[in-house]
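Since the structure comes first, as structure tokens, the remarks are kept for the end.
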Amino acid sequence: MPADLVLLHGFTQTGRSWQPVRDALAGRYRAAAPDLPGHGDFAERRPASFAACDAYVRALAGGPCTLAGYSMGGRIALHAALSLGGLVTRLILIGASPGIADPVELAARRAADDALAVRIEAIGTEAFVREWRAQALFAGVPRGIADRADADRLRNTAAGLAAALRGLGTGVMPPLWDRLGTLEAPVDLVVGERDEKFRSVAERMASMLPDVRLHVVAGAGHAVQLEAPDAIVELVAG
């Protein structure tokens, strides 16, 4: 069945991370929350590239849809909205970025992503999940939420996560800053109050998008859809 709401998860997550949002919106939307390339059930069965994800979104939606994405999923959603034109009638980006415009910084990030992919393959999923959770980016996430997020992350394979970094990481993403002004769909930018880095990115994006609303979720960090799913439900349904 075609979906009129497509939800894209972040790096290390799977489509299951959206379950509280999907449950709350049941009956109002036909929602799809797929595992993205390199993750979950499709860890090694789908090519990890932005072009492949564009085609995946088109197939899932089947027609005009609201497209929402968190972090990596937000970058994929933005790329798809620019590539698929009128298919995306509303775009919701949570803790997302249009990429890195500076060529030197972009090359450095690609090298860092490649190095991290090698490390994931070397230490395995469980050890990497512990390291990933310990980042300052996720400081302040309540213990129960963090534990559920880790259980979801452990559905992934080291090979799949490494492939996702190499194919969908920020280091290989074409920077989209100069295309933001061409985006016709209305955009909701969502960031957590404690997520200073992505608040700054969102504020800059908001100054360049023609139809945009910026939402700062009180008390939340980077993973708003995990920490405050009710805020996302209210936004989508509003």
With the checklist (1) in a loop (DSSP other than H, G, I, E, B); (2) buried (at least 16 other Cβ atoms within 10 Å of the Cβ) in hand, flag the one item Ile76 doesn't pass.
(1)
Members of the stretch 6-20 found to be over 18 Å from Thr157 (Cα atoms), surrounded by fewer than 24 Cβ atoms within 10 Å (Cβ to Cβ) and either in contact with a Gly (Cβ under 8 Å, 6 or more places away or on another chain) or in contact (Cβ under 8 Å) with a residue 40 or more places away in the chain (or both), listed by number:
Pro20
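Could you pull out the residue among Leu91, Leu116, Leu84, Leu180 that is free of Cβ contacts under 8 Å to residues at least 60 places away in the same chain, touching a Leu at 6+ places or on another chain (Cβ under 9 Å) and under 21 Å from Met205 (Cβ atoms)?
Leu84
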Residues of the stretch 16-32 satisfying the condition of being aliphatic (A, V, I, L, M) and outside any strand (DSSP E or B):
Val21, Ala24, Leu25
Qualifying residue in the stretch 35-48 (condition: out of contact with any Phe, Trp or Tyr (no Cβ under 6 Å at 6 or more places or on another chain), modelled with pLDDT under 95, of a type outside the set (D, E, K, R) and not in a loop (DSSP other than H, G, I, E, B))
yes
Collect the residues in the stretch 206-234 that are out of contact with any strand residue (DSSP E or B) (no Cβ under 6 Å at 6 or more places or on another chain), touching a residue at least 60 places away in the same chain (Cβ under 8 Å) and under 13 Å from Ile92 (Cα atoms), keeping them in residue-number order.
Ile232, Val233
Give the number of residues within the stretch 123-136 that are over 13 Å from Gly160 (Cα atoms), of a type outside the set (Asp, Glu) and surrounded by fewer than 18 Cβ atoms within 10 Å (Cβ to Cβ).
7
Report yes if Ala163 is at pLDDT below 95 and crowded, with 21+ Cβ neighbours inside 10 Å, otherwise no.
yes
Identify all residues within the stretch 109-122 that are surrounded by 16 or more Cβ atoms within 10 Å (Cβ to Cβ) and among the aliphatic types (A, V, I, L, M); write none if there are none.
Leu116, Ala117, Ile120
Mind checking whether some residue in the stretch 67-74 is out of contact with any helix residue (DSSP H, G or I) (no Cβ under 7 Å at 6 or more places or on another chain) and hydrophobic (A, V, I, L, M, F, W, C)?
no
Report, by residue number, each residue of the stretch 151-162 that is in a helix (DSSP H, G or I) and within 23 Å of Ala115 (Cβ to Cβ).
Arg153, Ala158, Ala159, Gly160, Leu161, Ala162
What are the residues in the stretch 166-184 that are among the hydrophobic types (A, V, I, L, M, F, W, C) and either buried (at least 17 other Cβ atoms within 10 Å of the Cβ) or touching a helix residue (DSSP H, G or I) at 6+ places or on another chain (Cβ under 7 Å) (or both), if any?
Leu168, Val172, Met173, Leu176, Leu180, Leu183
State which residue is surrounded by the most Cβ atoms within 10 Å (Cβ to Cβ) when the search covers only the stretch 185-204 and only residues that are among the β-branched types (Val, Ile, Thr) and more than 14 Å from the chain's Cα centre (by Cα).
Val187
List pairs: first in the stretch 95-106 and in a loop (DSSP other than H, G, I, E, B) and at pLDDT 95 or above, second of a type in the set (Lys, Arg) and buried (at least 18 other Cβ atoms within 10 Å of the Cβ), Cβ under 8 Å, 6+ apart or cross-chain?
Ala96/Arg75; Ser97/Arg75; Pro98/Arg75; Gly99/Arg75; Ile100/Arg109
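The values are calculated or read from the model by the stated rules, or taken from the named source; none is laboratory data. The structure displayed is predicted, hence computed values, not measured ones. Cβ: placed from backbone, ideal geometry, glycine included. Neighbour counts: every protein chain shown.
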